[in-house]
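Heads up, the thing below is written out as structure tokens.
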Amino acid sequence: MAKNTCAICGKEVNLVTGQKLADGNYICRKVCRKKLLKCFEVVSATLDDVKEHTAQIEKGTKIWQEVLLPLKKAKKNDGKLKCLGVGNPLLYVSTTTGLVALVETRYKFMVFGKSEHACVYRLADLVQYSYEEEVVKGSDGKNEKKEFCAIMFKDTPGMYGFRLEVANSKSYQDLAKYFDTLFGIQKTLGNSFKNAKRQLNAIKAAADAVKGAASGTLTEDQASATMGALDASIYGDRTEWIKKADAALAPYNK
């Protein structure tokens, strides 16, 4: 049986004890693979991807324990976390900090010796929450439908996308409406004027950018303003969430 070396810890591995990565490197299953969240797509990942995700979990778990977990345990409703999804992992949203945590719970034996491992994201970086479904074989051998929310964050080293299992399509619709409301992009009559104003600002900014590019006078500030206006038109105004998240993450970004 062919032997290789774990590219992270240096342990000798074979086809059974090692996990091959997309770039041809191997990591050991017993230690280094277990440091990653189970939903991480390790087969298509490179060694750099694995290292970034490992660092992401180390930092995210610390933020979860020190910043977000106390909010989960809070007695008052104000500031408590919103829990989304079913099963394991679960997604927690903190509107007081502008942070989102994907938390995987692990048990050493049955339901004893619990530990939690987390990836923490800025709410402002959430750019996708779309519905997906899949037919899988159940424990009884029969086909059963699993439903998910496909989630993706921009500008995120490590694991930037994953699928969160939801109970049913109604649960997904509630989840999507929750995020739409946070970002001010819900499609209701009361918000139609806000949405129209954002779209007009985006069109104006894009038109100004085209003129500037044609005349050779387009500056970085103009380009940035254009992108900001387009983002606000599509994703809603996230200025508030950026400020909250950056303030909460400041002690961990030094």
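Against the test of being under 18 Å from Met152 (Cβ atoms) and at pLDDT 95 or above, the options Glu66, Glu58, Glu52 yield a single qualifying residue, Glu52.
Here Arg33 passes the criteria (1) surrounded by fewer than 12 Cβ atoms within 10 Å (Cβ to Cβ); (2) of a type outside the set (Asp, Glu); (3) in contact with a strand residue (DSSP E or B) (Cβ under 9 Å, 6 or more places away or on another chain) except the one numbered (1).
So that you can scan it fast, the table gives a plain yes or no per residue for (1) surrounded by 16 or more Cβ atoms within 10 Å (Cβ to Cβ); (2) touching a residue at least 60 places away in the same chain (Cβ under 8 Å); (3) outside any strand (DSSP E or B):
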position: Lys80; (1), (2), (3): yes, no, yes
position: Val100; (1), (2), (3): yes, no, no
position: Val103; (1), (2), (3): yes, no, no
position: Tyr129; (1), (2), (3): yes, no, no
position: Val135; (1), (2), (3): no, no, no
position: Ser139; (1), (2), (3): no, no, yes
position: Lys146; (1), (2), (3): no, no, no
position: Pro157; (1), (2), (3): no, yes, yes
position: Leu164; (1), (2), (3): yes, yes, no
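For the stretch 86-122, a residue qualifies if it is among the polar types (S, T, N, Q), within 17 Å of the chain's Cα centre (by Cα) and farther than 16 Å from Leu36 by Cα, and the qualifying residues are Ser94, Thr95, Thr97. Restricting the stretch 8-29 to residues that are closer than 27 Å to Glu116 by Cβ and either within 26 Å of the chain's Cα centre (by Cα) or assigned by TED's automatic domain parsing to the domain that holds Thr61 (or both) leaves a set whose member that is surrounded by the most Cβ atoms within 10 Å (Cβ to Cβ) is Ile27.
The residues of the stretch 105-127 that are touching a residue at least 24 places away in the same chain (Cβ under 8 Å) and assigned to a strand (DSSP E or B), listed by number, are Glu116, His117, Ala118, Cys119, Val120, Tyr121, Arg122, Leu126, Val127.
Against the conditions (1) surrounded by 14 or more Cβ atoms within 10 Å (Cβ to Cβ); (2) out of contact with any helix residue (DSSP H, G or I) (no Cβ under 9 Å at 6 or more places or on another chain); (3) of a type in the set (Ser, Thr, Tyr), Ser44 satisfies every one except (1).
The values are calculated or read from the model by the stated rules, or taken from the named source; none is laboratory data. Bear in mind that the values here come from a model prediction, so they are computed numbers and not experimental data. Every residue, glycine as well, gets a Cβ built from its backbone with ideal geometry; the counts of neighbours run over all protein chains shown.
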